[in-house]
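What follows is a set of notes on a single structure, which appears directly below.
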Amino acid sequence: MRSIYISLVSEFYKSRKTLAFWAAILLPVGICSLVTFGFYSGSEKVLKMNYPGMLLWVSYAGATLNVMGMLIMPFYVMFMAFSVNNIEHKNDTWKTLFAQPLNKFSIYTAKYLFAVLLIFICLFLFAALTFGFGHLLQALIPKYTFSQYNPSTFLINSYTKLFLSSLGILSLQFILSLILADFLKPIGIGFVGTIMGIVTASLKWKYAYLIPYSLPALALQVTKIEKGKDPLDFEIFSREIWTSLTYAAVLFVAGYFIVTKKSIK
């Protein structure tokens, strides 16, 4: 554990000034601010809908969640996976990295966990800012009905599912970024995969859940609501999430063997 901690701290210092690191913060701040401004400036149109509190939260949070699940999330994860490994590719420091007095598994695990951590920070900020800005809108426009409903469970479930569903993509792109040093190839493969994922998820193809890039979009589709329960209190560990976690586990192990071979070139 100490080796993983040391390697994780090292990854932080190497990446703290990169776009990948700051994107985890700037992306949620930027998108949530734009959505909030839209609800503030277009309040007259929103108020005409006469949404009760729950539906208003769904409309407000959904503006971000739908875009994240369908498009932004897969590309963000692709960029994050590439950026973490690109530091070593760019400086040709793989040999130097594995020459350290730390075991190879710890170094590899720390790189992977750092990418996971950045994704977690990004989505945590999305949930927190959505909650905070929603209540800010309520204070600025008292006629809104945000105060009628507590969206905590909805936001936690939605962003937890989005986080877990992204791990399959991360693991696959992590491997591609280990094998392919240039930017275009892993991103190009990911782009094609994302388009396939969006199309198959939109068409509700029954095997779409087997495509890692479709999992964020599928994970946000509420397919089962228990009678008498809050319709926004949905299941987290659905089929899509278990598929993503399976991909993540298998590809994580495969990536370790790949990076071990790479270190002795």
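Any read-out appearing in this document is the output of simple, stated calculations on the displayed coordinates, not a laboratory observation. The structure displayed is predicted, hence computed values, not measured ones. Every residue, glycine among them, receives a Cβ derived from its backbone with ideal geometry; neighbour counts consider all protein chains shown.
Could you list, in their original order, any pairs among Lys111/Lys261; Lys45/Lys143; Lys17/Lys161; Lys104/Lys161; Lys14/Lys261 whose Cα atoms are separated by more than 19 Å? List each step's numbers first, then the result.
Values: Lys111/Lys261 16 Å; Lys45/Lys143 12 Å; Lys17/Lys161 29 Å; Lys104/Lys161 31 Å; Lys14/Lys261 23 Å.
Long pairs (Cα-Cα over 19 Å): Lys17/Lys161; Lys104/Lys161; Lys14/Lys261.
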Calculated semi-axes √(5λ) of the Cα gyration tensor in Å (choose from [x] 27, 21, 20; [y] 59, 16, 14; [z] 37, 20, 16), label
[z]
Quick one: compute the contact order of the range 99-207, relative version, from alpha carbon pairs under 8 angstrom and 6+ residues apart, as a percent.
21
Please give, to one decimal in nm, the separation of the simple spin-label points placed at Ser33 and Leu19, each 7 Å out from Cα toward the Cβ.
1.8
Does the range 149-217 come out rounded, prolate or oblate by the C-alpha gyration tensor, with a ≥ b ≥ c the root eigenvalues, rounded set by a/c under 1.5 and, if not, prolate when a/b is larger than b/c and oblate if not?
oblate
May I ask for the angle, rounded to the nearest 10°, between helix 2-15 and the longest principal axis of the chain, with both axes built from Cα atoms and the value confined to 0 to 90°?
70
Quick calc: nm separation of the 7 Å Cα→Cβ label points for Arg239 and Ile179 -> 2.8
Ordered by fewest other Cβ atoms within 10 Å, a rough proxy for footprinting exposure, Lys48, Lys185 read Lys48, Lys185
Any idea what the relative contact order of the range 2-262 is, in percent, if you count C-alpha pairs under 8 Å spaced at least 6 apart?
27
